[in-house]
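Contents: one structure, followed by commentary.
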Amino acid sequence: MTVVRHLTELRKRLVWVLAVFVIAVLAGLFFAGPVIEYLKEQPMADGVPIISRRPSDALSVYMQFAVLIGVVLSLPVALYHTWRFVSNGLSNRERRLTMYFIPAAFFLFVAGILFGYYVVFSMMMKFLTQMSTTIGATPNYGIGEYFDFLFDMVIPIGVLFELPILVVFLTRLRILNPMRLAKIRRFAYFGITVVTFILTPPEIVTEILVTIPLLLLYELSIWLSRIVYRKQVKEDEEWEKSAV
């Protein structure tokens, strides 16, 4: 396939993804209200007045949720078109294997968001509310400030949960391998711990509860990379035999 045809196909797929995203955002406008009300009634927000400090706060929060819902709904389509574009250079067997990346990536992103909200954000809000009570301050959050804080904490964790998919993809491209991942394990653990300390309150129990899943994700990444690498070695050996 020529460069022009590659660029033409890429443009078509980007148009499809953009169109689906716009439709998903429009759908998100209908679901944003109920989702916001649901989050406001959760225990981490219970008893804490959430007010609007600026005239545009409500609209800004509403649109943020509409866009987030749009991203989640359109993510499978974006992953599918990414796979179709990349799969042109893959064999039939590789296409079947990489097809599983789509549901896996979607599941891990959603799982990361849920974990970030129900575990990390919940613990952080409890800690901050207790701190406010300790110094005699009355929690009274602006709705924009509250949900900005939620997005800043939850979305990065959703992205971090994509680590196994990213590692498998880079292993398939021969950029990473399990030996290299195992070699830098100590540095990776240190980086994960630092990220955990930044995202969580300074409580040892909370930090452990958040760190352990991230460390397990890294070990899962090494295990998946090892499987892909072994298949690559076997393919290379078969190719060498056929070339002789």
Show the residue pairs meeting these rules: Cβ distance below 7 Å; 6+ apart or different chains; first residue within the range 126-138 and within 18 Å of Ile50 (Cα to Cα); second residue open to solvent by 40 Å² or more (accessible area, probe 1.4 Å).
Phe127/Glu203
The one condition in (1) outside any helix (DSSP H, G or I); (2) loosely packed, with under 15 Cβ neighbours inside 10 Å; (3) not small (Gly, Ala, Ser) that Phe190 fails to fulfil:
(1)
Selection from the range 114-140 of residues surrounded by fewer than 18 Cβ atoms within 10 Å (Cβ to Cβ) and either within 30 Å of Trp223 (Cα to Cα) or in contact with a strand residue (DSSP E or B) (Cβ under 8 Å, 6 or more places away or on another chain) (or both) yields Leu114, Tyr118, Val119, Asn140
Asp46 passes all but one of the listed conditions (1) modelled with pLDDT under 80; (2) buried (at least 18 other Cβ atoms within 10 Å of the Cβ); the exception is number (2)
Is it the case, given these coordinates, that Ile175 is within 29 Å of Thr82 (Cβ to Cβ) and either open to solvent by 50 Å² or more (accessible area, probe 1.4 Å) or touching a helix residue (DSSP H, G or I) at 6+ places or on another chain (Cβ under 8 Å) (or both)?
yes
Going through the range 68-102 in order, the residues found to be at pLDDT 85 or above and open to solvent by 70 Å² or more (accessible area, probe 1.4 Å) are Leu73
Considering only residues that are in a helix (DSSP H, G or I) and within 11 Å of the chain's Cα centre (by Cα), look in the range 142-163 and name the one that is surrounded by the most Cβ atoms within 10 Å (Cβ to Cβ).
Ile157
Open to solvent by 50 Å² or more (accessible area, probe 1.4 Å), closer than 30 Å to Met124 by Cα and either more than 19 Å from the chain's Cα centre (by Cα) or modelled with pLDDT under 80 (or both) - does that describe any residue in the range 213-220?
no
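Would the range 180-199 turn up any residue that is out of contact with any Cys (no Cβ under 7 Å at 6 or more places or on another chain), touching a residue at least 12 places away in the same chain (Cβ under 8 Å) and under 30 Å from Arg53 (Cα atoms)?
Step one: list which residues in the range 180-199 are out of contact with any Cys (no Cβ under 7 Å at 6 or more places or on another chain), which gives 180-199.
Among the residues that remain, those that are also touching a residue at least 12 places away in the same chain (Cβ under 8 Å) are: 181-182, 185, 188-189, 192-193, 195-196, 199.
If we keep only those that are under 30 Å from Arg53 (Cα atoms) as well, we get 199.
Yes - at least one qualifying residue is present in the range 180-199.
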Can you spot a residue in the range 52-60 that is at pLDDT 80 or above, open to solvent by 70 Å² or more (accessible area, probe 1.4 Å) and over 17 Å from the mean Cα position of the chain (by Cα)?
yes
Please state which one of Glu240, Glu203 is over 29 Å from Pro76 (Cβ atoms), open to solvent by 70 Å² or more (accessible area, probe 1.4 Å), modelled with pLDDT under 85 and of a type in the set (Asp, Glu).
Glu240
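The values are calculated or read from the model by the stated rules, or taken from the named source; none is laboratory data. The shown structure was predicted, so the numbers you read here are calculated from the model rather than taken from an experiment. For neighbour counting, all protein chains shown are included, and Cβ atoms are generated from backbone atoms with ideal geometry for every residue, glycine included. Ligands, DNA and RNA are stripped out before the accessible areas are found, and what is left, the full protein with its side chains, is counted by its heavy atoms. Shrake-Rupley method; radii C 1.70, N 1.55, O 1.52, S 1.80 Å.
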